[in-house]
1. If we only count strands (runs of 3 or more DSSP E) wholly inside region 1-106, which ones have 1 or more residues that are closer than 21 Å to Leu145 by Cα, modelled with pLDDT of 85 or more and not polar (S, T, N, Q)?
2. Mind checking which residues of region 137-181 are more than 16 Å from Leu201 (Cα to Cα), among the acidic types (Asp, Glu), at pLDDT 75 or above and not in a strand (DSSP E or B)?
3. Which one is most open to solvent (accessible area, probe 1.4 Å), of the residues in region 117-136 that are farther than 15 Å from His152 by Cβ and in a loop (DSSP other than H, G, I, E, B)?
4. Does at least one position in region 6-13 carry a residue that is touching a Ser or Thr at 6+ places or on another chain (Cβ under 6 Å) and open to solvent by less than 20 Å² (accessible area, probe 1.4 Å)?
5. So how many residues does region 63-116 have that are loosely packed, with under 12 Cβ neighbours inside 10 Å and more than 20 Å from Tyr193 (Cα to Cα)?
6. Just one of Asn57, Asn26, Asn84 is within 15 Å of the chain's Cα centre (by Cα), of a type outside the set (A, V, I, L, M) and under 14 Å from Leu117 (Cα atoms); which is it?
Amino acid sequence: IGYDFGSHGQAVFDYEGDGDEDIISNDFGNEVSDGQPFILRNDGKNNFNIVKIPLPNYREGDLDHSDRFSTMSASAFYENSYLNVVYTDFNVANNINNEWGIELNKNVLVKYDQNTLSVVDVIQLPTPYSELNFTNIEPYAPSWLNGNGISHDVRSTPIDIDYDGDTDILIGSQVYGEDISLPQILINNNGVYEDETSSRLYNWMYATG
């Protein structure tokens, strides 16, 4: 597609509402969009163009990156006239006392104005299921405790799980200390995302071995 970048946890959605699928990704290495997530806008066969999606504390043209947030994956959907982007392993270690009150080792939902892509709101999602329910788990590396925690939330999928017309969120997670891949199920109850993994995910221990 003509761009060199490293990423994982990409997702597809129709950014322009024109009937074709576009791709949202993160930008490891700062090679494509100054380290910010971006959309590969589908403008025809093998023709993709970059649309930068700035993280909440990004400042255009600022060469000081010391307080920037980062993220491991991104997915997107439209709801209530906003572009909603789910960021997993959202790392605020460089700016713990941030204005949105986002804590370490969390995932977030960022609402953007769909026309200007300015940040409207930043919502901290429920604590990753593995972080909340497992104990005595060794992190992949000590440094991960201030960014990823004990789980590595590698991707998210916006989907209407309960068929009620709004968008819920499914988050895929790898717990390195136990070699367990365990999804988290977040149900949208009138705009509030609630963790219903325990009640909806049956026999997960059997399934993961």
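The values are calculated or read from the model by the stated rules, or taken from the named source; none is laboratory data. Note that the structure is a prediction, hence the values are computed from the model and not measured. Glycine gets a Cβ as well: all are built from the backbone with ideal geometry, and neighbour counts include every protein chain shown. Accessible surface areas use protein heavy atoms only, side chains included; no ligands, DNA or RNA. Shrake-Rupley method; radii C 1.70, N 1.55, O 1.52, S 1.80 Å.
1. Numbers: elements: 11-13, 22-25, 38-42, 48-52, 73-79, 82-90.
Ranges flagged: 73-79, 82-90.
2. Asp164, Asp166, listed by residue number.
3. First, the residues of region 117-136 that are farther than 15 Å from His152 by Cβ: 117-126, 132-133, 135-136.
Those left that are additionally in a loop (DSSP other than H, G, I, E, B): 117-118, 125-126, 135-136.
Working: Leu117: 22, Ser118: 56, Leu125: 5, Pro126: 32, Thr135: 104, Asn136: 150 Å².
Looking at the filtered set, the residue picked out is Asn136.
4. The first filter runs over region 6-13 and keeps only residues touching a Ser or Thr at 6+ places or on another chain (Cβ under 6 Å), leaving 7, 9-11.
Still in the list and also open to solvent by less than 20 Å² (accessible area, probe 1.4 Å): 9, 11.
Checked region 6-13: at least one residue is touching a Ser or Thr at 6+ places or on another chain (Cβ under 6 Å) and open to solvent by less than 20 Å² (accessible area, probe 1.4 Å).
5. 8
6. Numbers: Asn57 fails: within 15 Å of the chain's Cα centre (by Cα); Asn26 fails: under 14 Å from Leu117 (Cα atoms).
On inspection, the qualifying residue turns out to be Asn84.
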